[in-house]
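K.L.:
Got a structure here, written out as structure tokens. Questions coming.
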């Protein structure tokens, strides 16, 4: 056990002895942002990590968009980590925002949950931004040099494990896009959910990027989402610090692997807690991303109650056998469907048009 894990384990043990291990931190009241959707058909995809063509292929193959790339029907949820690692994070965000607006006009939902990589960018961690993706944010470069960025935003060059990571002007522009009050910063801090629930006539799912905690029994998703958005605004320098203790939700919701890895801090959650969450929210499964499955296929744990949907979708993982397009689908007729093989094809126009603004290269053809 490493020193940090030992200290955390000791703190939890002491809290348990004092009877405070399950004390619920105070959350902010729900801010009115919709977090529950009743759907006839909903599609859920795992971590995209800057692979815009993969995102569009999944949307098209599952009938969310048509051959022109326009919104068609149904509800779609991406589990967070839309950005970083890949080369087209900005394009992926643009696609979600455009389709989200169209879906809302029909009373439907297209959305992306908050992931740890969105949180990292808001907090000023630029380690996972690729140089190619960073070029696409040049219009957010509000300072003359990369060094000016640190003065402007009152942050320091990122350091980890004794190493200082140099920053380019383009990468500084990415951080500006997630901190200034432009469309990405506003969407991330004011509208993105940490917890969502989607229901059809036959199946209901609770969606979260990484994991859960007892706070999900003590508080409603609306309160949790509002508190997480307050933290994001605080990191952006746009709001006051949220209540003490609520940052534990950040650790569990977007960072922990306590639903997927026995070696996670504190180990796997007991199945009794999973059952309690399922019962409270009247859902059949919890769907998570964040940690890639070993098979690059959708997998289940806890006797099928937890669905792991991070299948290394992004082509950034292609050298490791990744780049596998998958989806979880629920609908009124068939119930739950696990779609483990969606073809990735090189090809045409609507993806090429979407990319043309920011990336003057060949584009991709999408086919079912």
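K.L.:
Is segment 16-143 best put as rounded, prolate or oblate by its Cα gyration tensor, with a ≥ b ≥ c the root eigenvalues, rounded for a/c under 1.5, and otherwise prolate when a/b is larger than b/c, oblate when not?
P.N.:
In terms of gyration-tensor shape, oblate.
K.L.:
Take the eigenvalues of the Cα gyration tensor for segment 155-288, scale each by 5, and report the square roots as semi-axes in whole Å, largest first.
P.N.:
The equivalent ellipsoid of segment 155-288 has semi-axes of 31, 19, 14 Å.
K.L.:
Something else now. What are the semi-axes of the equivalent ellipsoid of segment 190-248, taken as the square roots of 5 times the eigenvalues of the Cα gyration tensor, listed largest first and rounded to whole Å?
P.N.:
25, 13, 9
K.L.:
Right, next: Be a star and scan segment 23-58 for residues whose amide nitrogen sits under 13 Å from the point 7 Å along the Cα-to-Cβ vector of residue 220.
P.N.:
Residues 28-36 qualify, since their backbone N sits under 13 Å from the label point.
K.L.:
Which order do the peptides 233-241, 85-93, 210-218, 126-134 come out in when sorted by mean C-beta neighbours inside 10 angstrom, highest first?
P.N.:
My ranking of the peptides, most packed first, is 85-93, 210-218, 126-134, 233-241.
K.L.:
Under the classification rounded if a/c is under 1.5, otherwise prolate if a/b is larger than b/c and oblate if not, where does segment 242-343 fall, given a ≥ b ≥ c as square roots of the Cα gyration tensor eigenvalues?
P.N.:
Oblate shape, in that a/c is at least 1.5 and b/c is the bigger or equal ratio.
K.L.:
Please give the length that would be gained between residue 333 and residue 295 if that part of the chain were fully extended, namely 0.36 nm times their separation in residues minus their C-alpha to C-alpha distance (nm, one decimal).
P.N.:
That works out to 10.8 nm of additional length.
K.L.:
Sorted by mean Cβ packing within 10 Å, highest first, what order do the peptides 274-281, 62-69 take?
P.N.:
62-69, 274-281
K.L.:
Starting from the Cα of residue 169, step 7 Å along the direction of its Cβ; do the same at residue 238; then give the gap between the two resulting points in nm.
P.N.:
2.6 nm
Where a number appears in this text, it was derived from the coordinates with a stated rule and is not lab data. Predicted model only: the values in this text are computed from it and were never measured. Cβ: placed from backbone, ideal geometry, glycine included. Neighbour counts: every protein chain shown.
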